[in-house]
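What follows is a set of notes on a single structure, which appears directly below.
The values are calculated or read from the model by the stated rules, or taken from the named source; none is laboratory data. What you see is a predicted model; the values in this text were computed from it and never measured. Counting neighbours? That spans all protein chains shown, and the Cβs are built from the backbone with ideal geometry, glycine included. Note: accessible area is taken over every heavy atom of the protein model, side chains too, but ligands, DNA and RNA are not part of it. Shrake-Rupley method; radii C 1.70, N 1.55, O 1.52, S 1.80 Å.
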Amino acid sequence: MKRANLPVTKIAEKANVSPATVSRVLNHPELVNKETRELIEKAIIDSGYDLERVMMKKIEQNKRILMAVLPSIDNPFYNNVMKGFKTSANSHEYEVVIYLGNINRNNVDRFLESAKMSNARGIICLNRKMEKDVADAIDSTVPLIQCCEYNKESTAEYVSINDFASAKNATEYMLNLNYRKIAFINGPLSYNYAQERLRGFEAAMEEKGIFVPKNWKISVPEVSYSLGYSAASQILGANEKPEAIFCAADVFAISVIKAAHRYGLRVPEDVGVVGFDNVEMASITNPGITTVNQPAYQIGFTAGETIYEKISNPLSKPRSILLDTELIARESIISRTPK
């Protein structure tokens, strides 16, 4: 049985129809009358081709697929990014498939094979910061947008925020409320955002000449409630307690509030709490969490629009985007009387 690409012109000659009619049968059979369709299908079979295989191949080729690479599905922040991305993709008649896992030099070839099998026309990656050669390898094969995490040395564009400035501004807000003893619960330092948010926190504290004990700066291996609760318990269970805790994710802030109750501490009267991301839970937790609003939906939507532009206009000038953040003040931290 032949397996080469179907010669449309030869099939058209055999069925005594135009090549356009053959293409229509392959791509939009519902637009061709039954008699003509059956004539062309017979010509395909008589030419030694597997009709079912030919039609399935065409269906696969016509799929408009975008792939989103996620490190996990546990972090609610990613859900909001995906909502924005799917809205953009669907508006351009693309479907979205998800690939779970981090990509590195050891598995990039396997990942590219998966992308090829999925017929992905473009990829957005919420992976941790990739090595330049890995990101470039993907981008040279399938159009890539780095989303949230990014390596600015790569050829692949990115959509993200300024994590350093956002964390520094949030810390300065706490300092302006007269907090001086501030702890920091962070995500894994293998992520660019965690490095930059820690750097922003430390910069604001150093500018005020405030020393932060090493055991008040905890980085956990992943963003999860249970790990955040363990870190908060470690900080709040010690003899010397901070006046406030800045959290690199709202999930951690929720953990701090729970841990504070465990130790008989009131939020915000005994310990202030500030989060990051502004996920839905931050507004409905009691007390509501003051947090940095990272525009997750807008990040996802912008990434979708950027990848669509990159696919549609391969020669267009590359553009990377850093979106603005803002501090959302709620009840988890209040102004203190200066001591």
Pairs Lys181/Lys241; Lys116/Lys152; Lys152/Lys310; Lys86/Lys310: which are spaced more than 20 Å apart, C-alpha to C-alpha? Lys116/Lys152
For Thr325, the accessible surface traced by a 1.4 Å probe with all protein chains present amounts, in square angstrom to the nearest 10, to 50
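Given a 1.4 angstrom probe, what's the average accessible area per residue across the chain, in square angstrom?
On the way: 16900 Å² over 339 residues.
On a per-residue basis, the chain sits at 50 Å².
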Of every hundred units of 1.4 Å-probe accessible area on region 238-331, the number belonging to carbon and sulfur atoms, as a percent, is 48
At most 16 other Cβ within 10 Å, DSSP loop - trypsin sites (Lys or Arg not before Pro), region 90-124: Arg105
Neighbour-limited loop hits for GluC sites (Glu not before Pro), region 212-310 (at most 16 other Cβ within 10 Å; DSSP other than H, G, I, E, B): Glu222, Glu240, Glu269
Solvent accessible area, Å² - Ile254, 1.4 Å probe, full protein context: 40
Rounded to whole Hz, the Karplus (6.51, -1.76, 1.60) HN-Hα couplings of region 294-306, x for glycine and proline: 8, x, 4, 4, 5, 4, x, 5, 5, 4, x, 5, 5
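Relative contact order of the chain: what whole-number percent is it, with Cα pairs under 8 angstrom and at least 6 residues apart?
Numbers: 620 pairs, mean separation 57.9, N = 339.
Contact order relative to length: 17 percent.
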Part-to-part distance (alpha-carbon centres) for region 167-202 and region 277-317, which is given in Å: 21
Probe radius 1.4 Å, ligands and nucleic acids ignored: give me the carbon and sulfur share of the accessible area of region 98-144 as a rounded percent. 45
In region 126-214, which GluC sites (Glu not before Pro) are in a loop and have at most 12 other Cβ atoms within 10 Å, using DSSP for the loop call? Glu153
